[in-house]
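To start, the structure itself, in structure tokens.
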Amino acid sequence: MRPPSRISSGMVIRFLADTVIVNVALITALALRLILDIAWIPATDPHVQLQRFVAIYGFNWWLVTAICLGTFAFGGFYTYGRYYLGRYKVFLVCYAVAQSYLFIAVLQYILFTKFHLPSMPRGVVILGFLLTLAAMIGSRTWTHIWEYFVRDERIAKIRTVNDSVRNILVVGGAGYVGSALLPKLLARGYRVRVLDSLVYGVEPIEHLLTNSRLELVKGDFRSVQNVVEAMRGMDAVIHLGAIVGDPACSLDGDLTVDVNLSATQMIAQVAKASGIRRFIFASTCSVYGACDEILEERSSVQPVSLYGTTKLAAEAGLHAMADSQFKPTLLRFATIYGLSGRTRFDLVVNLLTAKACTEGEITVHGGDQWRPFVHVDDVALAIVRVVEAPLALVGNEIFNVGSDAQNYTINDIGKLVHQRVFSAELLIDESTDDPRNYRVSFAKIKNKLGFEPNWTVEDGIEQVIEAIAGGDLEDYRDPRYSNVKFLSESGGIESIRTTDRWVHDQWAEKTQA
């Protein structure tokens, strides 16, 4: 991975501090060895030994410093490595220091045996390693102690003066929801940075790229370096990136867990370490699974799909990270419909309407399953409401996003489509392998944020009909309109896997160098 494009004052300070640590450890190791030689070897002339050790330090200090700091820099100590938390950071420090001194020991052997240069005694190398390791871990531990006792109070004072949001990072902002959200954020004057791998292309947001307040960063949000760089200067994070939908998630379970769960935890860790308080996470009502009761945010959850399971696990991880300063908001979206910059036709309302218009058939599988529905434009509106609400009102909260009036059975959706495309034949296939069945209450988001959707399912059906009749949409069966088709038939899943291997290879290369 390439280093960050900008060198901050914090990087310089950490670099200089580690320079001091390495040299103090080396001087201490030499001093201890000098004292031991004088104490254990009576015939030793202290002045001669002192001159010898000064000569050893004078020759080796630059070599040891260059090797250690070079290894630390390549390991990301001065860029994204500082965002790692807990035991993983300690492991990285131990690994880097051990690598440095192993290389130093080999080099010392070569210099002594081949060129008879003033190399360090083996005891000094070992002692230098131990002292450097202890000092490096100690300095990082002290940083965490200071963060724990002081940072919260300092940030609280800063945020009391200015808790406004001006700059927003939208992770996965070129997708179905993101392409509906970006115009709303830009229209309200926010400066928006989008981090997206553009698996589905740039077309969904291409018309927005001329806006001076929009910055597009093409990159994989599973890469910690990409995330750290994209996070700089941001006041809030909206995380929309995911493999979405049960069929798409089933294509590669391990990849789904990596994208939907592991990446979410890493992104949230970086946001928290960056002092960002507002973190909005796109979850799903699929976490409710199957239940005959009307469910609200405190109801039990029992997802029946990998998609719902990974989203619920990501929610749990965010809950565990939440504290008085980092306050994520979890938005459980109802089943989405309607058009956006990257319209999907693998969603039931859009799909049934398109089939009715182009094929004269409305095929409903099962039909008795309940689902809540919401238009993609209303989802974007709900996100904006959360961004602009007082953090005390939305921080560490879960909101179902939709409306009570739009809880329908799949049969109901088929009938609504048939009422508007009456020439189409309504076919009911009672067999289904979809166990999801849930009705959801949206009272909380209505009462706390005053949110009510502008769209109805009927409006959404009309929108799709008009777009198809006007020629605004090409063949709805095109893979680009379906997550699972695009990923499986158009090389999308292999593109993500390739990027996944690249991210892991780069990480392995960096940690093994």
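Taking 0.36 nm per residue of separation and subtracting the Cα-Cα distance, what length does fully extending residue 50 through residue 456 add?
Net length gain for the segment: 137.6 nm.
Could you check the simple spin-label distance between residue 325 and residue 250, using points 7 Å along Cα→Cβ, in nm with one decimal?
Going from the residue 325 label point to the residue 250 one covers 4.5 nm.
Provide the FRET efficiency to the nearest 0.05 for the residue 139-residue 300 pair, computing r from the beta carbons and using R0 = 56 Å.
0.75
Across segment 18-23, in residue order, what do the Karplus-derived ³J(HN,Hα) couplings come to in whole Hz, using 6.51 cos²θ - 1.76 cosθ + 1.60 with θ = phi - 60° and x for Gly and Pro?
Values per residue, Gly and Pro as x: 5, 4, 5, 4, 4, 6 Hz.
Please give the FRET efficiency for residue 217 paired with residue 95, using the beta carbon to beta carbon distance and R0 = 25 Å, rounded to the nearest 0.05.
0.30
Please say if segment 247-342 is rounded, prolate or oblate, where rounded means a/c under 1.5 for a ≥ b ≥ c the square roots of the C-alpha gyration tensor eigenvalues, and otherwise the choice is prolate for a/b larger than b/c and oblate otherwise?
Judged from the Cα gyration tensor, segment 247-342 comes out prolate (a/c at least 1.5, a/b above b/c).
Can you run phi through the Karplus equation (6.51, -1.76, 1.60; θ = phi - 60°) for segment 326-332 and list ³J(HN,Hα) in whole Hz, with x for Gly and Pro?
In residue order, the calculated couplings are 9, 10, x, 10, 9, 10, 9 Hz.
Could you tell me which of rounded, prolate or oblate describes segment 297-405, using a ≥ b ≥ c as the square roots of the eigenvalues of the alpha-carbon gyration tensor, with rounded for a/c under 1.5 and, failing that, prolate when a/b is larger than b/c and oblate otherwise?
prolate
Any idea what the alpha-carbon Rg over 2.2 N^0.38 Å comes to for segment 159-243?
1.04
I need the phi-derived Karplus couplings for segment 119-136: 6.51 cos²θ - 1.76 cosθ + 1.60, θ = phi - 60°, integer Hz, Gly and Pro marked x.
Running phi through 6.51 cos²θ - 1.76 cosθ + 1.60 with θ = phi - 60° gives 8, 7, x, 4, x, 5, 4, 5, 5, x, 4, 5, 5, 5, 4, 4, 5, 5 Hz.
Just to verify a number: FRET efficiency for residue 110 and residue 203, C-beta to C-beta distance, R0 = 51 Å, to 0.05?
Approximately 0.35, to the nearest 0.05.
For residue 236, enumerate residues with amide H under 5 Å from its amide H, sequence gap 5+ or separate chain, H modeled in the peptide plane.
Here the answer is 167, 169, since their amide H atoms fall under 5 Å of that of residue 236.
Please give the Cα centre distance for segment 377-444 versus segment 204-261, rounded to the nearest Å.
Using only Cα atoms, the two centres lie 24 Å from each other.
All of the numbers you see were taken from the coordinates with simple rules; none came from a lab. The structure displayed is predicted, hence computed values, not measured ones. FYI the Cβ positions are ideal-geometry reconstructions off the backbone, even for glycines, and counts take in every protein chain you see.
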